[in-house]
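Rule-based calculations on the coordinates, nothing more; no lab input. This is a predicted model, so every value here is computed, not measured. A quick note on method: Cβ atoms are made from the backbone with ideal geometry, for glycine too, and the neighbour counts reach across all protein chains shown.
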Amino acid sequence: MTTIAISGKGGCGKTTLAAMIIRILIDQSANGRGVLAVDADPNACLGLTMGAEVAGTIAEIREQARAKPPSNEGMDRIRSFEYGIQQAVTEAKGFDLLTMGRPEGPDCYCAANNLLRKFIDKLSAAYSFVVMDNEAGMEHLSRRTTNNVDLLCIVAESTPIGVITARRIFELAEQLPISVKKIGVIWNKSENSKDLDGVANFGCVPYDKSVLEASIQGKTIFDIDANSPAFSAVRKILEETVINPG
Ligand SMILES: Nc1ncnc2c1ncn2[C@@H]1O[C@H](COP(=O)(O)OP(=O)(O)OP(=O)(O)O)[C@@H](O)[C@H]1O
Ligand SMILES: [Mg+2]
């Protein structure tokens with residue numbers, strides 16, 4: 001299983017790139033165990049972008065467990081969680097989608113969270129690829145929801161603010177005790193990358209009219225031409241980083 005996490009500033013294109021990556025990997029893993037898309041943004045949009053109707057969220061399961069603790073702990077509780085998570089997995093065409101919903105507060109201790117993490121890890125292991133779209137900013141890193149990651153893509157626009165934000169995310173990821181095998185920047189909506197000293201440059205994804213047009217018209221990622229400039233650039237980046245890293 002290869003886990004890819006997407007991070008970056010608000011509006012830089014995280015969900016769009018996550019959806020493109022998922023669509024490309026669906027084609028790549030046609031004979032494999034498939035792709036699990038994880039929407040870890042509380043303002044969940046990945047399902048909409050992928051044209052999948054969300055069955056339920058992990059946050060809902062956690063809230064239900066808090067409101068109605070099972071009469072006896074142990075197996076009943078474990079089974080009820082496992083069942084809840086299975087219900088929250090949306091089976092879509094070529095991929096499954098897990099929507100996290102609102103995260104727990106930073107100080108909240110809930111035994112449910114440990115169980116949830118365990119089950120999500122178990123569930124993830126059943127797929128060839130797990131692709132996680134995160135909320136804007138760095139909270140997901142601080143909360144360590146992005147834990148064992150093979151590829152952390154920092155999405156940034158090649159503006160001065162984009163450069164500063166990308167560096168902040170990189171530095172935080174380096175400081176935290178999370179395991180990331182490969183980390184680098186994808187410069188989105190731009191033809192030119194910026195040089196971030198000491199940070200890998202995964203490549204550029206150009207501004208693509210057909211991508212913006214699809215979002216304006218409420219279309220899904222599957223409605224965009226798979227050979228459009230943005231798709232071609234994302235495919236090249238994936239080939240160089242996870243498919244045929246060489
Ligand atoms: N390469 C591109 N070319 C043209 N438009 C793009 C490109 N990438 C993203 N967009 C557009 O930019 C807008 C924001 O993209 P998106 O929602 O993916 O950003 P985000 O980082 O997920 O935002 P948020 O922080 O709100 O979650 C969308 O309208 C999307 O269609
Ligand atoms: Mg988004």
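Tabulated data for the structure shown
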read-out	value
Relative pair counts by distance (%), Cα atoms of region 185-231, 5 Å bins	5, 22, 24, 19, 13, 9, 7, 2
Rounded Å value of the spacing that divides the Cα centres of region 156-183 and region 1-58	20 Å
Neighbourhood charge, 14 Å Cβ-Cβ cut-off, centred on Gln28 and excluding it, Lys, Arg +1 and Asp, Glu -1	+1
Long-range lysine pairs (8 or more apart or interchain), region 159-246, Cα under 28 Å	13
Packing rank of 10-21, 124-135, where each peptide gets the mean count of other beta carbons within 10 Å, highest leading	10-21, 124-135
Proportion of all alpha-carbon pairs of region 148-246 beyond 23 Å (%)	32 percent
Extension gain (nm, one decimal) between Glu53 and Lys93, 0.36 nm per residue minus Cα-Cα	13.3 nm
Separation of the Asn148 and Tyr83 label points, Cα + 7 Å toward Cβ, nm	2.9 nm
Low-density loop cleavage sites - GluC sites (Glu not before Pro) in region 159-246, where at most 16 other Cβ are within 10 Å (DSSP)	Glu191
Descending semi-axes in Å of the chain, equivalent ellipsoid built from Cα gyration tensor	31, 20, 16
GNM top mover of Thr159, Thr57, Thr90 - the chain, alpha-carbon springs below 10 Å	Thr159
